[in-house]
Amino acid sequence: MAHAPEPDPASGDLGDERPKWDNKAQYLLSCIGFAVGLGNIWRFPYLCQTYGGGAFLVPYVIALVFEGIPLFHVELAIGQRLRKGSIGVWTAISPYFSGLGLGCVMLSFLVSLYYNTILAWVLWYFLNSFQHPLPWSSCPPDLNRTGFVEECQGSSAVSYFWYRQTLNITADINDSGSIQWRLLICLAACWAVVYMCVIRGIETTGKAIYFTASFPYLVLTIFLIRGLTLPGATKGLIYLFTPSMQILQNPRVWLDAATQIFFSLSLAFGGHIAFASYNSPRNDCRKDAVVIALVNSMTSLYASIAVFSILGFKATNSYEHCLDRNILSLINEFDFPEQSISRDDYPAVLMHLTTTQPRRVARLPLKACHLEDFLDKSASGPGLAFIVFTEAVLHMPGAPGWAVLFFGMLFTLGLSSMFGNMEAIITPLLDKGVLPRWVPKEALTGLVCLACFLSATCFTLQSGNYWLEIFDNFAAPLNLLIFAFLEVVGVVYVYGMKRFCDDIAWMTGRRPGPYWRLTWRVVSPLLLLTIFVAYVTLLARKPLSYRAWNPQYELFPSRQEKLYPGWVRAACMLLSLLPVLWVPMAALAQLLTWRKRTWRDRHVRPDTDTHNLP
Amino acid sequence: MLWLLFFLVTAIHAELCQPDAENAFKVRLSIRTALGDKAYAWDTNEEYLFKAMVAFSMRKVPNREATEISHVLLCNVTQRVSFWFVVIDPSKNHTLPAVEVQSAIRKNRNRINNAFSLNDQTLEFLKIPSTLAPPTDPSVPIWIIIFGVIFCIVIVAITLLILSGIRQRRRKNKEPSGVDDTEDKCENMITIENGIPCDPLDMKGGHINEAFMTEDERLTPL
C-alpha cells in the first residue's frame with residue numbers, strides 16, 4: 001500500500017511557477033489568522049468559566065501538547081513537502097486516500113457557508129453601530145405608543161433586536177418564513193469582500209492578511225485596557241480564573257478541552273496544507289507549528305481576560321441596577337425621601353421593614369440580587385457577541401465607538417479564518433485543474449464565491465439560525481475528527497514514519513525527536529479515537545432538540561425546547577455523513593480502477609506475471 | 001358663620017381628595033434624580049404651580065374652560081415627593097371624571113413636564129400612561145448609507161483587481177509572441193553587426209569578405 005509515486009521536490013512546478021508567499025511573515029500571519037477565529041473569543045472564555053476557571057488550563061495545555069501541536073506539525077509538513085492542496089497531497093500519499101482530500105474540500109465548503117453567514121450578522125451589527133443611541137438600547141414603542149412592543153417588553157431590548165429586528169426568527173424550524181433582504185445584502189457584501197481578498201489566491205490574501213490578522217489584536221488590547229479600568233472588572237476576572245480543581249474529575253472537562261484545541265487550531269480542513277504548499281520546501285515547519293499553536297492559545301487567553309473584564313463590569317452594573325430597582329420600590333411604597341437609602345444600607349433597611357411591616361413588604365416585587373448570579377450568566381457562541389456583549393457595551397461611555405470596534409474586530413477575525421477556508425477549497429481545485437488552463441484564476445475564485453453565496457442564501461430565511469446551529473453542531477465536528485484521525489494514520493502508517501521523518505529532516509535539517517514520533521504513532525491517534533467515541537456517545541444520548549424563540553411560549557423569554565422533525569433529522573444525518581462518505585467511495589473507485597487495469601493487463605499479456613501491488 | 005363655612009368647605013374638600021378616592025390620581029416626583037445638585041425644594045409655591053398647570057390642562061378641554069386653580073385639590077404630600085390630586089367642578093361638590101382629567105393631562109404632558117424641568121420618568125402620574133415619543137427614523141437609515149459606501153468601495157476594488165489581472169495577462173501573452181516576431185523579422189531583415197551587414201558572410205564564391213578588417217586598418221596610422 002506504500003507504493004505511492006515518489007514526490008520529488010520540484011513536483012508540479014515544471015509547468016508554471018507555483019505562487020509563493022512574499023515573505024515568511026505573510027505565511028505565519030495567514031496561518032495564525034486561520035487558526036485564530038471567532039471561537040477564541042466566544043468559546044474559550046465560556047469553557048474557562050464553566051469548567052472551573054484556571055483549572056481548565058490544565059487539560060487544555062495537555063491537549064495542546066499531545067494532540068494539537070503534533071497534528072498541526074503533520075499538516076504543515078505534508079503540505080510543504082508535497083506542495084499541493086489537500087486533494088493532491090492525499091492522492092500522492094496513496095490513491096486510496098484521495099477521498100480524504102475530497103472530503104476536506106467538501107467540509108470546507110459547508111463550513112464556509114455558515115461561517116460567512118455569521119460574518120453577515122456581524123456586518124449588520126457593525127453597520128448599525130454608527131448611530132447614537134444604539135438601536136438595541138431601547139425597545140420600540142408599540143402601535144398606539146402607550147408602551148413598548150410586547151415581545152420586547154417581555155424579554156429585553158437587546159434580545160428583541162437580535163431575534164426580531166435582525167433575524168426575524170420564526171418559532172419553529174418547519175416554518176421557513178421569507179428571505180430577509182437586509183441579511184441577504186449583508187451576505188452579498190461579505191462574499192464580495194471575501195472575493196476581493198482571495199481573488200488571486202495568496203497574492204491578494206497575503207496583502208489583506210496584514211490588516212485582518214493584526215487589527216483584532218489591536219482592538220483586544222484597547223478593550224483590555226478599557227475593560228480593566230471599568231468598575232467591577234476585577235470581580236469578573238477573579239471569578240473567571242479562580243481555579244476549582246475538583247472539576248477536573250469530570251470527564252466532560254477533558255473532552256471539551258481536547259475538542260476545543262482541535263477546533264481552535266482549524267485542523268483537518270485542508271487550509272493549513274494549502275498555505276504550507278506555497279512555502280519554499282526548505283522551511284522549518286516544526287518551529288512554525290509550535291509558534292502558531294502557542295500564539296493561538298495565547299490569543300485565547302488574552303481574549304478571555306478582555307472579555308471577562310467587560311463581563312465583570314456588566315455583571316456589577318446589572319447587580320447595581322437590581323439593587324436600585326429594589327430600593328426604588330421601597331422608597332415609592334413607604335414614601336421615603338429620594339435617595340435616602342444607599343446600596344450599602346439596603347439590607348439593613350429591608351430587614352427592619354420586613355419585621356415592622358411585613359405585609360406591605362411582601363406585596364412588593366423585590367428580586368434577590370446576588371452578584372454571583374449575574375456573573376454566572378455566561379454565554380457562548382453568537383449569544384455572547386450579539387446579546388451579552390452588546391448589552392455590556394451599552395453601559396460603557398461612548399457606546400457607539402466601542403460597538404464599532406468590537407464588531408470590526410469580530411469581522412476581521414472571521415475574515416482571516418474565511419481566507420483559510422477558501423484556500424482549502426480553491427488550492428486543491430486549482431491543482432486538480434478542474435477548469436481549462438486558459439480560464440483565469442479570478443474566474444475560478446469568482447465561481448466558487450458565487451456558488452457559496454447562492455448556497456448560503458438559505459441561512460437568510462427566517463429559520464436560518466436554526467439551520468446554522470445544525471450545520472455548526474453536526475456538519476463540522478464528527479467529520480473533522482474522522483479526517484484528523486485518517487490524516488495521522490495515513491501519514492504515519494501508509495506514507496511511512498521513516499519516509500516522513502526523512503522528509504522532515506530534508507526540510508528542516510533535523511529529524512523529529514522521540515516526542516514527535518511517539519505522539520504521531522500512538523498518542524494522537526488514540527486521543528482522537530477516544531474523543532470521537534466519546535463525542536458520538538454523548539450525541540447519541542442527547543435527544544435531537546433545539547431551543548426555539550417563541551413569544552407565545554408560557555415561559556417566554558426562556559427558549560422553548562423542541563424536537564427536530566423527521567426530515568430535519570435526515571438532513572442532520574446527511575450533513576454528518578456526506579463529507580466522510582467521499583473516503584470509502586474514492587477508495588472503492590480506486591479499487592475498481594485497479595482491478596480493471598490488472599484484468600486488462602492479464603488478458604493482453606497472459607504469460608507475464610502481474611505482480612502489480614495496489 | 002364665615003369660619004363655619006370655611007371649615008365646611010375644607011371638610012368637604014378633604015373628603016373629595018383622599019388617597020384612592022374616586023377620580024383621584026397619585027403623582028410622584030423624583031426631583032433629585034432628575035436634577036442632581038440643581039434640585040429645587042418642593043414647597044407650597046411649587047404646589048401652586050402644579051395646580052396652575054392642571055387647571056391650564058383642564059381649561060383646554062371643551063366645556064371645562066371655567067376651571068380655576070382653586071378647583072384643583074392636593075393632599076397627602078409626602079417627603080418622597082408624592083401626593084394625590086383631584087379636580088372638582090365649579091359647584092364644588094363632586095370631582096370631575098377621571099377619564100377627562102386623564103386625557104387632558106396626556107395632551108399637555110409635555111408642557112407640564114417642562115414647567116418643572118422633569119420628564120415622563122421623573123414626573124409620574126400613576127395610572128396615566130404617557131405617550132411615548134415616536135421613533136426618530138431618518139428617511140434613509142444610517143446603516144444603508146454606510147453599507148452603500150462599503151459595497152461601492154469593494155466593487156470598485158474588485159473591478160480594479162480584475163482589470164489589472166487582465167492587463168498583466170495580456171502583457172505576459174505579448175512577450176513570448178513578441179520574441180517570436182523579432183526572430184521572424186531577423187530572417188527578413190539584414191542584421192547589422194559592428195556596422196557591417198551579416199549578409200556578406202553567407203555569400204559563397206570569391207568575394208571579399210568585408211566582415212574582416214583589412215590589414216591596413218588594423219594598425220592605426222602614425
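Numbers at a glance
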item: Enumeration of residues in the range A:307-352 that are within 14 Å of chain B (Cβ to nearest Cβ), within 21 Å of A:Asp376 (Cβ to Cβ) and in contact (Cβ under 8 Å) with a residue 24 or more places away in the chain; result: A:Arg325
item: Residues being open to solvent by 40 Å² or more (accessible area, probe 1.4 Å) and touching a strand residue (DSSP E or B) at 6+ places or on another chain (Cβ under 7 Å) - total across the range B:72-93; result: 2
item: Qualifying positions in the range A:419-445 - within 14 Å of chain B (Cβ to nearest Cβ) and either touching a helix residue (DSSP H, G or I) at 6+ places or on another chain (Cβ under 6 Å) or among the hydrophobic types (A, V, I, L, M, F, W, C) (or both); result: A:Trp438, A:Val439, A:Glu442, A:Ala443, A:Leu444, A:Thr445
item: Matching entry among A:Arg200, A:Arg182 (being in contact with a Gly (Cβ under 7 Å, 6 or more places away or on another chain), within 14 Å of chain B (Cβ to nearest Cβ) and not polar (S, T, N, Q)); result: A:Arg200
item: Criterion violated by A:Thr146 - all others in (1) over 27 Å from A:Val404 (Cα atoms); (2) part of a helix (DSSP H, G or I) satisfied; result: (2)
item: Verdict on B:Ile69 being more than 14 Å from chain A (Cβ to nearest Cβ), open to solvent by 20 Å² or more (accessible area, probe 1.4 Å) and among the β-branched types (Val, Ile, Thr); result: yes
item: Residue within the range A:181-202 that is surrounded by fewer than 18 Cβ atoms within 10 Å (Cβ to Cβ) and among the charged types (D, E, K, R) present; result: no
item: Within the range A:385-467, helices (runs of 4 or more DSSP H) holding 3 or more residues that are open to solvent by less than 10 Å² (accessible area, probe 1.4 Å) and closer than 30 Å to A:Gly88 by Cα; result: A:399-432, A:441-456
item: Residue identified as farther than 30 Å from A:Val74 by Cβ and at pLDDT below 90 among A:Asp335, A:Asp324; result: A:Asp335
item: Elements of type helices (runs of 4 or more DSSP H) in the range A:480-574, at least 3 residues being within 29 Å of A:Pro584 (Cα to Cα), open to solvent by 40 Å² or more (accessible area, probe 1.4 Å) and touching a residue at least 12 places away in the same chain (Cβ under 8 Å); result: A:524-541
item: Number of the condition not met by B:Ile105 [criteria: (1) assigned to a helix (DSSP H, G or I); (2) open to solvent by 40 Å² or more (accessible area, probe 1.4 Å); (3) within 14 Å of chain A (Cβ to nearest Cβ); (4) not small (Gly, Ala, Ser)]; result: (2)
item: The range A:163-179, subset open to solvent by 10 Å² or more (accessible area, probe 1.4 Å) and in a helix (DSSP H, G or I), residue nearest to the other protein chains (Cβ to nearest Cβ); result: A:Gln165
item: Some residue of the range A:58-75 being of a type in the set (Gly, Ala, Ser), buried (at least 23 other Cβ atoms within 10 Å of the Cβ) and outside any helix (DSSP H, G or I); result: no
item: Residues located in the range A:227-272, provided they are charged (D, E, K, R) and buried (at least 19 other Cβ atoms within 10 Å of the Cβ); result: A:Lys235, A:Asp256
item: Test: A:Ser129 is within 11 Å of chain B (Cβ to nearest Cβ) and part of a loop (DSSP other than H, G, I, E, B); result: yes
item: Exclusive hit being under 20 Å from the mean Cα position of the chain (by Cα), closer than 30 Å to A:Asp503 by Cα and surrounded by 24 or more Cβ atoms within 10 Å (Cβ to Cβ), set A:Gly88, A:Gly33, A:Gly99, A:Gly37; result: A:Gly33
item: Pairs where the first residue, in the range B:126-151, is within 7 Å of chain A (Cβ to nearest Cβ) and the second is exposed (fewer than 13 other Cβ atoms within 10 Å of the Cβ), C-beta under 9 Å, 6+ apart; result: B:Pro129/A:Thr146; B:Thr131/A:Asn144; B:Thr131/A:Thr146; B:Leu132/A:Thr146
item: Number of positions in the range A:575-601 that are among the β-branched types (Val, Ile, Thr) and over 29 Å from A:Tyr114 (Cβ atoms); result: 2
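Yes or no, residue by residue, for (1) buried (at least 18 other Cβ atoms within 10 Å of the Cβ); (2) touching a residue at least 24 places away in the same chain (Cβ under 8 Å):
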{"residue": "B:Gly36", "(1), (2)": "no, no"}
{"residue": "B:Glu46", "(1), (2)": "no, yes"}
{"residue": "B:Leu49", "(1), (2)": "no, yes"}
{"residue": "B:Val54", "(1), (2)": "yes, yes"}
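Quick grid of which residues meet (1) touching a Pro at 6+ places or on another chain (Cβ under 8 Å); (2) modelled with pLDDT under 95; (3) open to solvent by 20 Å² or more (accessible area, probe 1.4 Å):
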| residue | (1), (2), (3) |
| --- | --- |
| A:Arg81 | yes, yes, yes |
| A:Ser94 | no, yes, no |
| A:His132 | yes, yes, yes |
| A:Ser138 | no, yes, yes |
| A:Val149 | yes, yes, yes |
| A:Cys152 | yes, yes, no |
| A:Ser156 | yes, yes, yes |
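The values are calculated or read from the model by the stated rules, or taken from the named source; none is laboratory data. Because the structure is predicted, anything quoted here is derived from the model rather than measured. With ideal geometry, Cβ positions are generated from the backbone for all residues, glycine too; neighbour counts draw on all protein chains shown. Note: areas computed on protein heavy atoms with side chains; ligands, DNA, RNA excluded. Shrake-Rupley method; radii C 1.70, N 1.55, O 1.52, S 1.80 Å.
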